[in-house]
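Step one of this worksheet: look at the structure below.
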Amino acid sequence: MNGWPSFWRDLLEQMPLILAGLGQTLQLTVLVSMTGLLGGVGVFYLTLSRQRLVRRCTQGYISFFIGMPLIVLLFLMYYGLPQWGLRVSPFWVAVLGFTLNVAAYNAAYLTSAYNGLDQAELEAARSQGFSHRQVFGLVTLPQVLRLSVPALTNQAILNLKDSTVAFLIQYTEFFARMQELAATNFQFFKAYLLAAMVYLALVSVIVLAARAVEKRVAIPGVHR
Amino acid sequence: MTATPLIQVRDLVKEFDGQRVLAGVNLDLAEGDIKVVMGPSGCGKSTLLRCLNRLVEPTSGTIHFRGQEVTGPGVDVRALRQGIGFVFQQFALYRHLTVLGNVTLGLRKLRGLRRAEAEQKALHELDRLGMAEHRDKYPGQISGGQKQRVALARALAMDPAVVVLDEPTSALDPVLSREVAQLIRRLHDEKVTLMCVTHDLQLARSIADQVVFLDRGVVRAEDSVARLSADHPDPQVRAFFGRETGT
């Protein structure tokens, strides 16, 4: 394969922009993974509400955002909202859109872990005199989060991969910069191969970190 | 004996989807006493226990706890529950907490004790039940009998007015069941008020002189096991106790 020297030259030349793009990718991924987790815990809490209306609305939220393609949501907010006089920066559109979407998925993962809990433990907590919120905070959440580490990790990986769609709303993240590099010298294969390897490396870091977390939070004597 | 019993249940009814699980239960439990409730599966034993601390809301009837009616609205249900130590059939220990954590959780979060104080009290209870050396183990690392003791320590640590045991031997082998009986007798000797629902006739016989027989949601008899199995006029009662003693 030829063209390597010119590719490396262009790569080095554009490296500051590519690294800045990588920084934008990581910033978006880390931020939405955290806000999505917090949002997911909040939505999950509402699915356990004692008020039927709240439970129904929360289920509706989860169904709506799981059913809605992320790109449609981002376009709706980025291109649609200005028509109503509301203009938001690409970064904040991405953060808000991802958070709404990821919170719905995370809440669904936490709910399925909750369904596997021993309900007698929750009854025991209620019978000890703990309030609804205390049962959630002291018994439900610590167990459900532990059980959900693999699913939540997958979601973090998806967040990283899905961050590539943010360039469609003018958020210049890593993939957008790699596209620019490819367009500079028409070395599409090399540019996208490099992009793929960077994403794989980042995913590997997430997987290794998640394994360490999983090992750390495993409950002794509980085998799954 | 004091005039008012610690727990007084009158005409207690509980219906689930129109089906009467409790059909007018009357029951008294005096302070320092032990009450054993027996009956076939589905007779309403567990529902009765759950009505006492309002894990299940009764349909009608009254429950007086320390002389106060506790079934109506405006009752501090959480305070009521803290006064009733509940030991569940499958022990229901919090699996993500150590043995010590299981006992201290209520002391810290409900009683507001500091960690050191809570641990001191929890260790006292665990030691009383021979479980102090297992303080750092998790529920998944101890046996059924040990779990039972931790569940009991968790209940006792809150200084409840009464300890309620739901089928305490159903998940244990005969040797451990005998140990539980000894333990219950010891607690009774220490003036702990106890209420126990069970299928286990051996257990019933060894912890109480008299048992309450609950069937189809009503108390059908209250007498010694010997009399209930031999010459009770109600054939249902004789059948239940006869069958149980035959096995």
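B:L214 satisfies every condition listed in (1) within 14 Å of chain A (Cβ to nearest Cβ); (2) of a type outside the set (D, E); (3) touching a strand residue (DSSP E or B) at 6+ places or on another chain (Cβ under 6 Å) except (1). Among residues of the stretch A:106-120 that are within 14 Å of another protein chain (Cβ to nearest Cβ), those with a beta-carbon under 6 Å from a residue that is in a loop (DSSP other than H, G, I, E, B) at least six positions away or on a different chain give the pairs A:A113/A:S148; A:A120/B:F88; A:A120/B:Q90; A:A120/B:A92.
Only residues that are closer than 12 Å to B:G101 by Cα and of a type in the set (K, R) were counted across the stretch B:122-154, and they come to 3.
Within the stretch A:129-159, the set of residues being facing chain B (nearest Cβ under 10 Å) and part of a loop (DSSP other than H, G, I, E, B) comprises A:G129, A:F130, A:S131. When the stretch A:142-178 is filtered for residues that are β-branched (V, I, T) and under 16 Å from A:L17 (Cβ atoms), only A:T172 remains. Report yes if some residue within the stretch A:183-203 is within 14 Å of chain B (Cβ to nearest Cβ), part of a helix (DSSP H, G or I), in contact with a helix residue (DSSP H, G or I) (Cβ under 7 Å, 6 or more places away or on another chain) and surrounded by 13 or more Cβ atoms within 10 Å (Cβ to Cβ); otherwise report no. No, every residue in the stretch A:183-203 fails to be within 14 Å of chain B (Cβ to nearest Cβ), part of a helix (DSSP H, G or I), in contact with a helix residue (DSSP H, G or I) (Cβ under 7 Å, 6 or more places away or on another chain) and surrounded by 13 or more Cβ atoms within 10 Å (Cβ to Cβ). Among the residues of the stretch A:137-146, are any touching a helix residue (DSSP H, G or I) at 6+ places or on another chain (Cβ under 6 Å) and within 22 Å of A:I206 (Cβ to Cβ)? Checked against the condition, which is being touching a helix residue (DSSP H, G or I) at 6+ places or on another chain (Cβ under 6 Å) and within 22 Å of A:I206 (Cβ to Cβ), the stretch A:137-146 yields at least one hit. Of the candidates B:R95, B:R81, B:R114, the single residue that is more than 20 Å from the chain's Cα centre (by Cα), crowded, with 18+ Cβ neighbours inside 10 Å and basic (K, R) is B:R95.
A:I219 meets each of the listed conditions (1) within 14 Å of another protein chain (Cβ to nearest Cβ); (2) under 21 Å from the mean Cα position of the chain (by Cα); (3) of a type outside the set (K, R); (4) not in a helix (DSSP H, G or I) apart from (2).
Number of residues in the stretch B:139-150 that are facing chain A (nearest Cβ under 10 Å), of a type outside the set (G, A, S) and surrounded by fewer than 22 Cβ atoms within 10 Å (Cβ to Cβ): the value is 2. If you go through the stretch B:104-121 and keep only what is under 17 Å from A:R126 (Cα atoms), part of a helix (DSSP H, G or I) and either of a type in the set (D, E) or within 11 Å of chain A (Cβ to nearest Cβ) (or both), you end up with B:L105, B:G106, B:L107, B:R108, B:K109. Of the candidates B:A153, B:A204, B:A181, the single residue that is within 14 Å of chain A (Cβ to nearest Cβ), in contact (Cβ under 8 Å) with a residue 12 or more places away in the chain and in a helix (DSSP H, G or I) is B:A153. All conditions in (1) touching a Pro at 6+ places or on another chain (Cβ under 7 Å); (2) within 14 Å of chain B (Cβ to nearest Cβ) hold for A:Y171, with the sole exception of (2). Out of B:L176, B:L172, one residue alone is outside any helix (DSSP H, G or I), out of contact with any Cys (no Cβ under 7 Å at 6 or more places or on another chain), without any contact (Cβ under 8 Å) to a residue 60 or more places away in the chain and within 29 Å of B:G39 (Cα to Cα). It is B:L172.
Give me the residue from the stretch A:43-94 that is free of Cβ contacts under 8 Å to residues at least 40 places away in the same chain and either among the basic types (K, R) or at positive phi (or both) and, out of that set, surrounded by the most Cβ atoms within 10 Å (Cβ to Cβ). By that ranking, first place goes to A:R55. Counting only residues that are closer than 22 Å to A:S131 by Cβ and without any contact (Cβ under 8 Å) to a residue 40 or more places away in the chain, which one in the stretch B:58-73 is surrounded by the most Cβ atoms within 10 Å (Cβ to Cβ)? Among residues in the stretch B:58-73 that are closer than 22 Å to A:S131 by Cβ and without any contact (Cβ under 8 Å) to a residue 40 or more places away in the chain, the one surrounded by the most Cβ atoms within 10 Å (Cβ to Cβ) is B:V70. The set of residues from the stretch B:190-204 being more than 19 Å from B:P235 (Cα to Cα) and in contact with a strand residue (DSSP E or B) (Cβ under 8 Å, 6 or more places away or on another chain) comprises B:V192, B:T193, B:L194, B:M195, B:C196, B:V197, B:T198, B:L203, B:A204. For the stretch B:207-233, give me each residue that is surrounded by fewer than 18 Cβ atoms within 10 Å (Cβ to Cβ) and closer than 11 Å to B:I34 by Cβ. Selection gives B:D209, B:Q210.
Each residue in the stretch A:179-202 was checked for being among the β-branched types (V, I, T) and either over 14 Å from A:L22 (Cβ atoms) or touching a Pro at 6+ places or on another chain (Cβ under 8 Å) (or both), and 1 pass. Tell me the residue from B:D76, B:D136, B:D127 that is away from chain A (no Cβ under 14 Å) and on the phi < 0 side of the Ramachandran plot, please. Of B:D76, B:D136, B:D127, the one residue that is away from chain A (no Cβ under 14 Å) and on the phi < 0 side of the Ramachandran plot is B:D127.
Just so you know, all these numbers are worked out from the coordinates, no wet-lab data involved. Only a predicted model underlies this, so the values are computations on that prediction, with no experimental measurement involved. Glycine gets a Cβ as well: all are built from the backbone with ideal geometry, and neighbour counts include every protein chain shown.
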